[in-house]
Amino acid sequence: MTVRAVLGIRRWRHNPVCRATDRHEAWVALAALLLMLLAAPALGWKAGSLTDGALQRTVRAQHEQRHLTSALVVRAAPGASRFAQDPEAVVTEGTMRTSVVADWLAPDGTARTGTVSTGSTKTAPGARVQIWTDDRGHPAMQPMDTSTAHTHAVLAGIGAALFAGGLTEIARRLVVWRMMRRRYARLDRAWAEVGPDWGRTGTGS
């Protein structure tokens with residue numbers, strides 16, 4: 001609809017039966033198309049760039065504040081998983097995860113004991129699993145990696161561009177709807193003026 005209206009601008013300019021509202025609708029469509037082709041992608045790129053910058057700072061902060069350490073499994077622990085997965089295990093959405101009670105050392109050398117979650121298949125007492133801890137030695141989630149941050153940023157940019165394009169199309173439809181309402185109102189007023197005399201002798205109809 002938008003492209004067809006834009007292509008009609010040149011054809012309607014010299015058309016004697018073209019209404020002014022037709023030309024106005026075409027110009028509105030052209031403006032909307034330019035916004036979709038230029039402004040929406042630019043907004044998406046900007047949103048993606050800002051998101052990527054923020055996420056990369058988060059990635060750096062998480063890698064500075066979290067530490068990979070080895071924990072010794074003491075026993076199995078019932079309940080839902082709470083902390084980080086074993087980074088050496090291949091974890092997918094359907095991977096079985098296990099909560100265990102384990103001992104490990106904090107970055108300052110203090111001994112810690114707690115419940116951690118691991119995707120490792122070796123969780124018998126005495127087994128070693130890799131966990132992430134914060135600066136105080138408390139279990140923490142695995143830090144985000146750079147590629148994941150880039151992926152989230154790209155998705156955010158695409159989402160912003162699509163949102164801007166959709167908002168532009170909604171605005172175009174709203175403007176055209178208002179123009180059509182004004183056109184019909186003028187037609188109603190014109191008909192109200194000439195309608196009673198329609199078909200009468202001497203009225204020029």
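Please arrange Ile131, Ile170, Ile158 by counting, for each residue, the other beta carbons lying within 10 Å of its beta carbon, fewest first.
Numbers: Ile131 25, Ile170 11, Ile158 14.
The fewest-first ordering by Cβ neighbours comes to Ile170, Ile158, Ile131.
Exposure proxy check: Leu43, Leu72 ranked by fewest other beta carbons within 10 Å?
Values: Leu43 18, Leu72 15.
Arranged by neighbour count, lowest to highest, Leu43, Leu72 become Leu72, Leu43.
Note down the relative contact order for the stretch 94-147 as a percent, whole number, built from C-alpha pairs under 8 angstrom at least six residues apart. Walk me through the numbers on the way to the answer.
Working: 70 pairs, mean separation 16.5, N = 54.
Across the stretch 94-147, relative contact order equals 31 percent.
For the residue pair Met180 and Trp27, what label-to-label distance in nm results when each label sits 7 Å from Cα along the Cα-to-beta-carbon direction?
The answer from the label model is 2.1 nm.
Taken together, the values in this text are just the output of simple stated rules run on the coordinates, not laboratory data. Note that the structure is a prediction, hence the values are computed from the model and not measured. Because the Cβ atoms are built from the backbone with ideal geometry, glycine has one as well, and the counts that use them run over all protein chains shown.
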